[in-house]
Amino acid sequence: MTAFIDKVAWIHLENGRILSTRSRGKDAYYLPGGKREPGETDLDTLCREIEEELTVTIDPATATYKGTWEAQAHGHAAGITVRMTCYTAAYTGTLAPSHEIEEVIWLTYADRPRVAPVDQLIFDDLHQQGELTT
């Protein structure tokens, strides 16, 4: 039996770069987002997590499903898979690190080795689609 970590993340691209975050004590960058709480929909999770992590408000009416990716969960035992459902969406407010987030950064495809395995798959797809530049 495979154990899954169910996460929802925000793909926010500007000028060929993607918004990424690093949590305190972590050695890799992650797309902003997090684990679903019981009873939450994808959009509930997305809105809550982004507000908690980045102090901005996602506009759920603009949310567009981008894809779902799975990979070995970074920092977890072998066989633990993260399933990350991703959305794009507009937001209001000023991006700023909050709660467990230590750093907010804009990355390009050249930064692929610096992100978690599931994010690497997302970087590959976005780069192939011409949305994430080198």
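Among the residues of region 18-34, at least one is acidic (Asp, Glu) and out of contact with any strand residue (DSSP E or B) (no Cβ under 9 Å at 6 or more places or on another chain).
Residues in region 34-50 that are acidic (Asp, Glu) and in a helix (DSSP H, G or I): 3 in all. Mind checking whether some residue in region 5-16 is outside any loop (DSSP other than H, G, I, E, B), in contact with a Phe, Trp or Tyr (Cβ under 6 Å, 6 or more places away or on another chain) and at pLDDT 95 or above? No, region 5-16 has no match at all. Against the list (1) of a type in the set (S, T, N, Q); (2) in contact with a helix residue (DSSP H, G or I) (Cβ under 9 Å, 6 or more places away or on another chain); (3) within 22 Å of residue 128 (Cα to Cα), the condition residue 15 fails is (2). Does residue 105 fit the bill of being touching a Cys at 6+ places or on another chain (Cβ under 8 Å) and either in a strand (DSSP E or B) or under 13 Å from residue 18 (Cα atoms) (or both)? Taking the combined requirement at face value, the residue does not satisfy it. Count of region 79-102 residues, restricted to those that are among the hydrophobic types (A, V, I, L, M, F, W, C), closer than 23 Å to residue 121 by Cβ and in a loop (DSSP other than H, G, I, E, B), is 1. Each residue in region 108-131 was checked for being part of a loop (DSSP other than H, G, I, E, B), surrounded by 14 or more Cβ atoms within 10 Å (Cβ to Cβ) and polar (S, T, N, Q), and 1 pass. What are the residues in region 51-71 that are surrounded by 14 or more Cβ atoms within 10 Å (Cβ to Cβ), part of a loop (DSSP other than H, G, I, E, B) and not β-branched (Val, Ile, Thr), if any? Passing the criteria: only 63.
The values are calculated or read from the model by the stated rules, or taken from the named source; none is laboratory data. All of these numbers come straight from a predicted model, not from anything done at the bench. Neighbour counts run over all protein chains shown; Cβ positions are idealised from the backbone, glycine included.
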